[in-house]
Amino acid sequence: MMTHVTQSSLTNLLPTRVSDDNGLAQDVMQGLSQTPKKLSSRFFYDAKGSQLFQQIMELPEYYLTKLEHQILSQQRKEILYSIDIQKPFQLVDLGAGDAYKTKLLLSELMASKADFSYVPLDISDDQLNLLLEDMHHRWPTLLVQALAAEYFQGLEWLNQNQRQRKVVLFLGSNIGNFDLPDAKNFLCALRETLNPEDAFLLGLDLRKDPEKIRRAYDDAAGVTSAFNINLLHRINKELKADFDLDQFQHFAEYDPLEGTMRSFLISKKAQEVHIGTLNQTFHFDAWEAIHTENSYKFSLKQVEEMAHSCGFKVQDVFTDKTHGFADVLLRPVSN
Ligand SMILES: C[S@@+](CC[C@H](N)C(=O)[O-])C[C@H]1O[C@@H](n2cnc3c(N)ncnc32)[C@H](O)[C@@H]1O
């Protein structure tokens, strides 16, 4: 199901998946059949969702992008020095999105004439399409190989491409979308694909004032609410469903004990929703919740422990002035 897209294919324009099965139908079937109901946040980013996420990144409440942008713009030279960009490498960007912050590193790498190629990976074709066009216009000579894939498929790709040195980016606190055991599984599985000379830069949202965290996922202008509800719109469109979008509301809460920010869609009344493609009708009780997203907040100690237990050592920790966000540079420990 992995589609490889290179810049040369831009002349024929935008990439499509080899199979039109992006996993949405299976996720919806499984998630709405269980109690409590659940939908995966990985499907937020269709064209409309990607546009809404651009707006979220600009919201005054959404501090994550601003803090990580600050780190990467102010400390990019130190970060790249630590990674060692003198030797050739592939820069693999997991969940690249619009690569807003990766572009800070890319411009530095291009300016320093580093010998590298860029491998953005994203489950969203819409995001990759936009990114490829943007890359093509900004840096026509940059070698780009885009992968339309899920993270774990990305690990398979890494396993099969052991010949070149890899620098892997997992920015934006994307790892926080896993629950903790899965985050550790992912980290350990990634470690298995890397060699001692490879490097891994992991962006993490750190624990802070719970109210500040909560507001970032429940902004006053209601953009995050629209982003969450757009998931139902996507299911209507792609799976021929009849969710009445006005009859669901966004709800977000932060659990300061666990460090988990959770988002939900709440059914405002008892209702039935038919999903044509699945040939299934699902019942929702009044005020029943669908869990749509986890955004875990870490302590640095916890990250260090998790990294060590998976066979990484912490080479450097880059943080912003407020210590609200961290980009942690990990290196595989030699076996
Ligand atoms: C919050 S955006 C972050 C983008 C960028 N890395 C940043 O830091 O700004 C998350 C991106 O990860 C992608 N994504 C989410 N879950 C994914 C998964 N399981 N596999 C691959 N990509 C995923 C989404 O499509 C989206 O483009």
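Every read-out reported here was derived from the displayed coordinates using simple, explicitly stated rules and does not represent laboratory data. Please read all numbers here as calculations on a predicted model, not as lab measurements. Positions of Cβ are backbone-derived with ideal geometry, glycine not excepted, and every protein chain shown enters the neighbour counts.
Decide, for segment 183-280, between rounded, prolate and oblate: order the square roots of the alpha carbon gyration tensor eigenvalues as a ≥ b ≥ c, take rounded if a/c falls under 1.5, and otherwise choose prolate if a/b is larger than b/c, else oblate.
Details: a/c = 2.86, a/b = 1.49, b/c = 1.93.
Since a/c reaches 1.5 but b/c is at least a/b, the shape of segment 183-280 is classed as oblate.
Specify the angular offset, from 0 to 90 degrees and rounded to the nearest 10, of the alpha carbon long axis of helix 151-160 from the longest principal axis of the alpha carbons in the chain.
Between the helix axis and the principal axis of the chain, the angle is about 30 degrees.
Is there a pair in 77/166; 101/321; 48/101; 212/268 whose C-alpha atoms are over 23 Å apart, and which pairs would that be? Don't skip to the answer; put the middle values down first.
Working: 77/166 18 Å; 101/321 18 Å; 48/101 21 Å; 212/268 27 Å.
The pairs that break the limit, which is 23 Å between Cα atoms, are 212/268.
Taking loop as defined by DSSP and a crowding limit of 13 other beta carbons within 10 Å, which GluC sites (Glu not before Pro) in segment 251-329 fit?
Values: sites: 253, 258, 272, 288, 293, 304, 305; in loops: 258, 288.
Those satisfying the criteria are 258.
With charges set only on the Cβ (+1 for Lys and Arg, -1 for Asp and Glu), what does the dipole of the chain come to about its Cα centre, in debye to the nearest 20? Please list the in-between numbers first.
Values: 34 positive and 46 negative charges, 146 e Å.
It comes to approximately 700 debye.
Please report the antiparallel percentage of DSSP beta bridges with both residues in the chain, rounded to the nearest 5. Walk me through the intermediate numbers first.
Numbers: 38 of 58 bridges.
Percentage antiparallel, nearest 5: 65.
Could you sort 190-199, 29-38 so that the peptide with the highest average Cβ count within 10 Å comes first and the rest follow in order?
Details: 190-199: 17.6, 29-38: 14.0.
Ranking the peptides 190-199, 29-38 by packing returns 190-199, 29-38.
Cut-off 10 angstrom, C-alpha nodes, Gaussian network model of the chain. Which of 137, 274, 308 fluctuates the most?
Sorting by GNM fluctuation, first place goes to 137.
Within segment 50-121, list the trypsin sites (Lys or Arg not before Pro) lying in a DSSP loop whose Cβ has at most 13 other Cβ atoms in a 10 Å radius.
Values: sites: 66, 76, 77, 101, 103, 113; in loops: 101, 113.
In loop regions of segment 50-121 (DSSP not H, G, I, E or B), the sparsely surrounded trypsin sites (Lys or Arg not before Pro) are 113.
Taking the Cα atoms only, what angle lies between the long axis of helix 47-58 and the longest principal axis of the chain, rounded to 10 degrees?
With both axes taken from Cα atoms, the answer is about 70 degrees.
Which one, 175, 225, 249, is farthest towards the positive end of the dipole of the chain when Lys and Arg carry +1 and Asp and Glu -1 on their Cβ?
175
Find the eigenvalues of the gyration tensor of the Cα atoms of segment 103-213, then list the square roots of 5 times those eigenvalues as equivalent ellipsoid semi-axes, largest first, in whole angstrom. Walk me through the numbers on the way to the answer.
Values: eigenvalues 121, 73, 45 Å².
Result for segment 103-213: semi-axes of 25, 19, 15 Å.
What angle, in degrees between 0 and 90 and rounded to the nearest 10, separates the Cα long axis of helix 180-193 from the longest principal axis of the Cα atoms of the chain?
40
Provide the convex hull volume over Cα atoms per residue for segment 10-156, in Å³.
Taking only Cα atoms, segment 10-156 has a hull volume of 147 Å³ per residue.
Tally the DSSP beta bridges in segment 155-269 and give the antiparallel ones as a percent, rounded to 5.
Working: 8 of 12 bridges.
Percent antiparallel among DSSP bridges in segment 155-269 is about 65.
Taking a quarter of the surface of the Cα convex hull of the chain, what do you get in nm²? It would help to have the intermediate numbers written out before the result.
Numbers: hull surface 67.0 nm².
Mean projected area of the Cα convex hull: 16.7 nm².
Please state the shape class of segment 50-127: rounded when a/c is under 1.5, otherwise prolate if a/b exceeds b/c and oblate if not, all from the C-alpha gyration tensor. Provide the component values of the computation, followed by the final result.
On the way: a/c = 2.90, a/b = 1.46, b/c = 1.99.
Taking the square roots of the gyration eigenvalues as a ≥ b ≥ c, segment 50-127 is oblate.
Just add up the charged neighbours of residue 221: K/R +1, D/E -1, any other residue whose Cβ is under 12 Å from the Cβ of residue 221. Spell out each step's value before the answer.
Working: positive: 215; negative: 58, 61, 218, 219.
Once all neighbours under 12 Å are counted, the net charge is -3.
What nm distance separates the two modelled labels at residue 334 and residue 313, each placed 7 Å from Cα along Cα→Cβ?
Calculated label separation equals 1.0 nm.
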